[in-house]
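Every number here is computed from the coordinates shown, using simple stated rules; none is lab data. Bear in mind the structure is a predicted one, so any value in this text is a computation, not a measurement. We place every Cβ from the backbone using ideal geometry, glycine too, and count neighbours over all the protein chains shown.
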C-alpha cells in the first residue's frame with residue numbers, strides 16, 4: 001500500500017498553514033503612515049484610515065471637560081470651510097490630561113454633536129501618551145514631538161506623511177494652521 005496520498009496531503013496541509021501564517025504576519029506589520037491604521041470609530045465600528053488617502057487630514061486629541069474644549073466649534077467651522085477642498089478632521093478623544101474625557105464613547109458623541117454640532121469623524125477613546133499610548137499616536141509623537149495637552153493637532157498630507165504638529169494654544173482659526181492646511185491642500 002502506498003503512502004503517497006498521506007504524503008501529498010501532508011505537503012498540501014503544510015503549504016496552507018505556512019501561507020496562512022505568512023498572510024497573518026503580513027497584516028500585523030506596523031503601519032508605515034498614520035493612514036495605515038484601522039481604528040474604532042465613536043460608534044465602535046472599524047474605520048480604516050487609509051480611506052482618507054488623497055485627503056489632507058488633521059488629527060486632534062480632544063476632551064470634553066478642558067479649557068480648550070470650545071475649539072470644537074472652530075474645528076467644525078474649519079471642517080465645513082475646507083472639507084470640499086479635501087480636508088478631513090478626525091477627533092481622537094483621550095483621557096490623558098487630568099481626566100478631562102471621562103465619559104464613554106456614547107457620552108462623548110452626544111456631547112460633541114449636541115453642544116458643538118460636530119460632523120467631522122470621531123474615533124473611539126484612545127491614549128495619546130504614556131505606557132498605553134496608541135500606536136498611531138506613538139508614530140505621530142515620535143515624528144513630531146509629544147502631545148502636551150488636549151487639542152494638539154497633527155497635520156497629515158495627501159501622501160500620508162506627517163507635515164506638522166500644532167500645540168493646543170493654536171486655535172483652529174489661527175493663520176499658522178489655516179496657512180499650513182491651504183498649502184497641504186494645494187499640494
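The simple spin-label model puts a point 7 Å past each Cα toward its Cβ; for residue 161 and residue 46 those points are separated by 3.0 nm.
Which parts of segment 128-148 would a label at residue 104 reach, counting a residue when its backbone N lies under 20 Å from a point 7 Å out along Cα-to-Cβ? Hits in segment 128-148 for residue 104 at 20 Å: none.
For the pair residue 148 and residue 85 in one chain, pulling the backbone fully straight at 0.36 nm per residue adds 19.7 nm over the alpha carbon distance.
Placing a pseudo-label 7 Å from each Cα along the Cα-to-Cβ vector at residue 176 and residue 77 gives an inter-label distance of 1.9 nm. Once you have the Cα-Cα distance between residue 31 and residue 113, take 0.36 nm times their residue separation minus that, and quote the gain in nm to one decimal. Working it through step by step, the gained length comes to 26.5 nm.
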